Amino acid sequence: MPLRVAITAAAVRTALGSTPDEVWQAIQAGHSGIRPIVGFDASGFSVTEAAQIWREPDAPEDDPALRILGPHGRLLDAVCLEAHGAARLETLARERVGLFVGMGMVDSSVDDLAPAALASRDDAGQLSLERFFAGPYRQIHPLWPLSMLNNVAAGQIAIDLDIRGDNAVLAADADAGVRALLEGARSLQEGHADAVLAAGVAGRVTPALLARRALSGSEAEAPPGEGGAALVLEREDDARRRGAPILGLIRGGATAFGGEQAVTRAMQAAFEEAERPIEALRVQVDRDHLGDLGPGAAAVSVVTALAGWRRVPPSPADRPPRWTTVLAAGSAGGVGVLVIEEAV
Amino acid sequence: MSRRVVVTGLGLVTPMGRGVDTVWERLLAGERGVSAPQRLGKDVPPTRAVGEIPPALLEDLRAEHADADGQDDPRTLFALGAANDALAQAGLEPGVHPRAGVILGAGPGANRIEDVDRFLATDGAFDAVAYGRHLGDLERESLVRHAAEQPAARIAAAHGIAGPVHAVTTACSASNQALGLAYRSIRRGETDWMVAGGSDSQVNPLGLVFFVLLGASANVDEEDPASACRPFDRRRSGLVMGEGAGIAVLEAEEHARARQATILAEVAGYGASLDAFRTTAPPPDGRGAAEAMQGALADGDVDPSEIDFVNAHGTGTKRNDPAEIRAIHTVLGEHAGESAVSSSKGALGHLLSAAAGVAFCCCVRAVQEDAVPPTANLHTPDRLCDLDLVPDAGRRREVRAALNNSFAFGGQNACVVVRKYVPGGEA
C-alpha cells in the first residue's frame, strides 16, 4: 500500500526561531545559531560551540510536572501542544490519537546530586557510599528518579492533551528521530490511530552531553544544537475529508544500520516506497545553521522544508523542488531516510 | 502485505540465571531469585532486596564479550548474552542480514554519583573544565559512555544485522513496545526477522535508591529478602529492583518455514495506549491498561475467551495491582475467572525495561508447554485481586494464548498476545 500520510500542523523551536517561517528565513539568509557555549565553562572540551536555546541557567522549578520534565522535555511538551492546537483534532476520539517521539537522552543535573555527594564525603574528603546510603541520599529530590526517564515527557504530553492512543519513545541518535516519524506514519497507515503527534527533540547542551558526544566519537560532526519539532500526521484521505490544511505528505522512509552501505540501503528502500527515482534526491541540510539536533533533527528538517513550500518564491526558479529527502545518521551506525512531497 | 509472525528463539539473563530452560523450570518450581544486594560489597543500600544477576554470571558475560573493548556496561552484557542465546536457538548465524533488525527496550543507563563528586569542589561548585579534560576518569559503567541504543547496536554489529536498529525508552513497558514494533515491521514486510526484547540494569548506587526516593520500594524482612515483593497480596508494600534481559527472535512464518526453523509460538497481536492520568499512578479503573489489552486482542483478532494465561505486570504496589485486575476483568469479561493470572516480579524483582521481554519468553514457554508460572510471595490475596493468581507453585493447564502486560511510570501501556503456533492458519 503506498504511503500517503498528510502533515496537517507543525511547531518548532530552535536557536534560530520559534516558528517554521522564522527558522526557514534565518536559514535562507545564511544565519547560524552556533555560538560559544554559555551556561557552563566548556573550555575543557574540544567542542566549545553549540546552537543553544537555553542561554541562562535553569531556575529552580517548584511545579512537580515541570521539574521532572527538564528543559528539553518541556520544549517537547510545548511544540506538541502548539501543533495539536493548530490541527484542531477535538472531534477525534482521544483513544485514536497517538504519540511517537524521538528523544535525546536526559542527563541528571549536577545541582540535583551535588548536596548528597558533598554530604557523603568521609573525613578524608572521599565519597563514601556507606555514608551516602546511611542518609545523604535523602537530599536528592524525591522526583529526581522520574526526571531520569525519558518517557516521562511523552506521558506529560498525553496528560496535557488527554490523548490515549498508540505510542512509542525511541532514543537517542538522529536515526531514532526518523524512526519515530515513520512509526507514527505506519501507525496511521495500518489503522492503529486516526491522528498522530510525531515529534523529536535534542538533549540539552550540558557537560554530560558533550562528554557523551566525545566518548562516542560524534563530536567530529556539527556542533550540538538544542531544539525540536512536532508534526501532526493524518491519513491523507481523512485530512482532506475534514478539510484540514495539508502542509506536505510523508511518502516513504526507512532506517538501516551499518555505515555507508546503510545510507544506500535506507535510501533505496525509502525511494522505492515513495515510487520515485533516487535521482529526485534533494537533501534537507540544516545542521550547519541549527547544530546537530540528534533525534530532533528529522522533525525540524521536515518543518523547514514545509515552510519553504509555503512561501511565495521571488521567481519560479527559486521554488524548492516538490520532493525533499531528510537524511539523519547517528553515531552508533544507524541511518534514517524520510521522503516527503509538497502537497498540491 | 500482512504476514504471520512467529517466535524462533529465546534468550534470558535473569537473577535466576541464564537460559530459558533454567529460568523457566525454576520459576515453575516456585523458586525466588531476589536476595540481599551483593555487587556493592560492604556498602549496604537502603533497599535490602534486589533481583541481582549473580556476580559469577556477570563475570562470565564479561569474559564472553571481552573481545570488543572490555568496557561494556551490565545492561549491554545482559543483552548480548540473551541475544546470542536467542539467535543460536533460532539457528541464525552471523553474516550479512539487510532484512533483519534489532529493537530493544533499554533503560536510561547508570547515572553515577561518583562522576559528579569527582569534579565537585568543597563549596559545591562543579568544575566543568576539569570534567571535560578528564573524561577518561568517568566511571566505566557511567551512562555517558553507554547510550540507550548501545545494546541494540552491539548486537547488530556482532551478527551483521543491517536493517532497523533502535532503542525504545518507555521504561517498564519498553520491551513490549520493542516486541510490538518488531512484530509490525515483520508483518508489513519491512524485515524478515527481528531481535527484540529488552535489557536493563540499575544495580548501582543511584539506581538502588531510585524506588526508595519515589516511595515505591518494598519493605524488606532482612531475614528473608526474597519475600519482599508480594504481587496481589494483601500485605504487598512495593517494588524490588531487578536487572537482566529477555530477548526473542521474531520471524516471518514463511521465512522460518523456508529455512526449516523450529517455530516455538506465534505473536498474535500488539496494542499500546497512554493513561493520560498521572505520571506515577495508573487510573484506578485501569482504563489505560484495558485499552492496550483490548488493542492487542483486536489487532490479532483474538477472542478474549482464548486467553488462558495473563502474564501480569503485577509490580506489588498498592495502586498498580488492583487497577490491573480491574482491567483484566474489563477485557476478558466472564472469561477472566477462567484465565490464570500471575506475575514473576515476586520471584525476579522488577527488571524495568527488560521486564516485559522476560515475561514474553515465559509466555512463549507457557503456550508451548501448557503450564503457567506462579506468583511468588502471594499468601493472602487482596480482596480487590479476585482472580486465579496462581499462588505457591506453577501449574500444568492448557494455554492456547497468553497476554503479556506491561505498564510504565509515565503512563505508557503495551501488551502483546502470544498463542500456540498452528500451521496453515490465516494472519
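The values are calculated or read from the model by the stated rules, or taken from the named source; none is laboratory data. This is a predicted model, so every value here is computed, not measured. For neighbour counting, all protein chains shown are included, and Cβ atoms are generated from backbone atoms with ideal geometry for every residue, glycine included.
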Report summary line: Expected single match for within 14 Å of chain A (Cβ to nearest Cβ) and under 16 Å from the mean Cα position of the chain (by Cα) among B:Ala402, B:Ala414 is B:Ala414
Requested in this report: Identify all residues within region A:173-204 that are more than 11 Å from chain B (Cβ to nearest Cβ), crowded, with 24+ Cβ neighbours inside 10 Å and over 19 Å from the mean Cα position of the chain (by Cα); write none if there are none.
Outcome: A:Leu188
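What do you reckon, is B:Ala66 touching a residue at least 24 places away in the same chain (Cβ under 8 Å) and among the aliphatic types (A, V, I, L, M)? Full working, then the answer.
Values: touching a residue at least 24 places away in the same chain (Cβ under 8 Å): no; among the aliphatic types (A, V, I, L, M): yes.
No: the conditions fail for B:Ala66.
Matching residues to (1) within 11 Å of chain A (Cβ to nearest Cβ); (2) surrounded by 24 or more Cβ atoms within 10 Å (Cβ to Cβ); (3) modelled with pLDDT under 95:
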{"site": "B:Leu274", "(1), (2), (3)": "yes, yes, no"}
{"site": "B:Thr279", "(1), (2), (3)": "yes, no, yes"}
{"site": "B:Ala292", "(1), (2), (3)": "yes, yes, no"}
{"site": "B:Ile307", "(1), (2), (3)": "no, yes, no"}
{"site": "B:Asp321", "(1), (2), (3)": "no, yes, no"}
Query raised in the report: Counting just the residues of region B:26-74 that are buried (at least 17 other Cβ atoms within 10 Å of the Cβ) and in a helix (DSSP H, G or I), which one comes out farthest from the other protein chains (Cβ to nearest Cβ)?
Result: B:Leu28
Report summary line: Within region B:99-114, the residues that are assigned to a helix (DSSP H, G or I) and either more than 8 Å from chain A (Cβ to nearest Cβ) or buried (at least 24 other Cβ atoms within 10 Å of the Cβ) (or both) are B:Ile113
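For every residue, the table says whether it meets (1) surrounded by 23 or more Cβ atoms within 10 Å (Cβ to Cβ); (2) out of contact with any Lys or Arg (no Cβ under 6 Å at 6 or more places or on another chain); (3) closer than 22 Å to B:Gly105 by Cβ; (4) modelled with pLDDT of 95 or more.
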position: B:Leu351; (1), (2), (3), (4): yes, yes, yes, yes
position: B:Pro374; (1), (2), (3), (4): yes, yes, no, yes
position: B:Asp386; (1), (2), (3), (4): no, yes, no, yes
position: B:Arg396; (1), (2), (3), (4): no, yes, no, yes
Requested in this report: Return a yes/no flag: does region B:186-198 have any residue that is more than 29 Å from A:Val337 (Cβ to Cβ) and either charged (D, E, K, R) or at pLDDT 95 or above (or both).
Outcome: no
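Considering only region B:319-354, state which residues are part of a strand (DSSP E or B) and of a type in the set (Lys, Arg). Spell out the reasoning first.
The initial filter retains those residues of region B:319-354 that are part of a strand (DSSP E or B), namely B:340-342, B:350.
Result: no residue meets the conditions.
Take B:Ala414 and tell me if it is buried (at least 24 other Cβ atoms within 10 Å of the Cβ), touching a Cys at 6+ places or on another chain (Cβ under 6 Å) and within 18 Å of B:Ala290 (Cβ to Cβ).
Numbers: buried (at least 24 other Cβ atoms within 10 Å of the Cβ): yes; touching a Cys at 6+ places or on another chain (Cβ under 6 Å): no; within 18 Å of B:Ala290 (Cβ to Cβ): yes.
In short, no.
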Report task. Please determine, by comparing only the residues of region B:75-91 that are away from chain A (no Cβ under 14 Å) and either within 30 Å of A:Ser128 (Cβ to Cβ) or aromatic (Phe, Trp, Tyr) (or both), which one is surrounded by the fewest Cβ atoms within 10 Å (Cβ to Cβ). Result -> B:Leu77
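Mind listing just one residue for me: the one in region A:117-154 that is more than 7 Å from chain B (Cβ to nearest Cβ) and aliphatic (A, V, I, L, M) and, of those, surrounded by the most Cβ atoms within 10 Å (Cβ to Cβ)?
First pass over region A:117-154, keeping only residues more than 7 Å from chain B (Cβ to nearest Cβ): A:119-126, A:128, A:131, A:134-136, A:138-139, A:141, A:143, A:147, A:153.
Keeping just the survivors that are aliphatic (A, V, I, L, M) gives A:119, A:124, A:134, A:143, A:153.
Details: A:Ala119: 15, A:Ala124: 6, A:Ala134: 15, A:Leu143: 18, A:Ala153: 28.
Here the residue is A:Ala153.
Sort out which residues of region B:62-86 are over 19 Å from the mean Cα position of the chain (by Cα) and within 18 Å of B:Asn204 (Cα to Cα), and write them in order of number.
Applying the first criterion (over 19 Å from the mean Cα position of the chain (by Cα)) to region B:62-86 yields B:62-72.
Residues satisfying the conditions are B:Arg62, B:Gln71, B:Asp72.
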Query raised in the report: Would you say A:Phe100 is farther than 24 Å from B:Ala121 by Cα, modelled with pLDDT of 95 or more and of a type in the set (A, V, I, L, M, F, W, C)?
Result: yes
Query raised in the report: Looking at A:Ile163, A:Ile157, which is the one that is more than 8 Å from chain B (Cβ to nearest Cβ), crowded, with 24+ Cβ neighbours inside 10 Å, among the β-branched types (Val, Ile, Thr) and touching a helix residue (DSSP H, G or I) at 6+ places or on another chain (Cβ under 7 Å)?
Result: A:Ile157
Report summary line: Conditions (1) surrounded by 24 or more Cβ atoms within 10 Å (Cβ to Cβ); (2) more than 10 Å from chain B (Cβ to nearest Cβ) -> A:Glu221 fails only (1)
Query raised in the report: If B:Glu426 passes every condition in (1) closer than 20 Å to B:Glu253 by Cα; (2) at pLDDT 95 or above; (3) away from chain A (no Cβ under 14 Å) but one, which one does it miss?
Result: (2)
**Report entry** All positions within region B:147-178 that are at pLDDT 95 or above and not in a helix (DSSP H, G or I)
**Finding:** B:Gly160, B:Ile161, B:Ala162, B:Gly163, B:Pro164, B:Val165, B:His166, B:Ala167, B:Val168, B:Thr169, B:Thr170
Report task. Quickly run through region B:161-211 and pick out the residues that are more than 8 Å from every other protein chain (Cβ to nearest Cβ) and at positive phi. Result -> B:Gly189, B:Gly197
Requested in this report: Tell me, please, whether a residue that is more than 26 Å from the chain's Cα centre (by Cα), at pLDDT below 95 and not basic (Lys, Arg) can be found in region B:102-112.
Outcome: no
Report task. Please find, within region B:178-205, the residue that is surrounded by the most Cβ atoms within 10 Å (Cβ to Cβ) out of those that are closer than 14 Å to B:Gly244 by Cα and not small (Gly, Ala, Ser). Result -> B:Asp200
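Quick test for you: out of A:Ile68, A:Ile27, A:Ile53, A:Ile34, pick the one residue that is surrounded by 15 or more Cβ atoms within 10 Å (Cβ to Cβ), more than 14 Å from every other protein chain (Cβ to nearest Cβ), under 24 Å from A:Leu143 (Cβ atoms) and in contact (Cβ under 8 Å) with a residue 60 or more places away in the chain.
Numbers: A:Ile68 fails: more than 14 Å from every other protein chain (Cβ to nearest Cβ); A:Ile27 fails: under 24 Å from A:Leu143 (Cβ atoms); A:Ile34 fails: under 24 Å from A:Leu143 (Cβ atoms).
The match here is A:Ile53.
Within region A:10-19, track down each residue that is surrounded by fewer than 23 Cβ atoms within 10 Å (Cβ to Cβ) and touching a strand residue (DSSP E or B) at 6+ places or on another chain (Cβ under 9 Å). Steps first, answer last, please.
Our first condition is that a residue be surrounded by fewer than 23 Cβ atoms within 10 Å (Cβ to Cβ); within region A:10-19, this holds for A:17-19.
A:Ser18, A:Thr19, listed by residue number.
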Requested in this report: Considering only region B:116-146, state which residues are crowded, with 24+ Cβ neighbours inside 10 Å and either more than 7 Å from every other protein chain (Cβ to nearest Cβ) or outside any helix (DSSP H, G or I) (or both).
Outcome: B:Leu143, B:His146
**Report entry** Matching residues, region A:277-322, being more than 20 Å from A:His31 (Cα to Cα), at pLDDT below 90 and touching a strand residue (DSSP E or B) at 6+ places or on another chain (Cβ under 6 Å)
**Finding:** A:Ala280, A:Leu281, A:Arg282, A:Arg322
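More than 30 Å from B:Gly424 (Cβ to Cβ), surrounded by fewer than 18 Cβ atoms within 10 Å (Cβ to Cβ) and at pLDDT 95 or above: is that true of B:Thr22 in this structure?
Numbers: more than 30 Å from B:Gly424 (Cβ to Cβ): yes; surrounded by fewer than 18 Cβ atoms within 10 Å (Cβ to Cβ): yes; at pLDDT 95 or above: yes.
Answer is yes for this residue.
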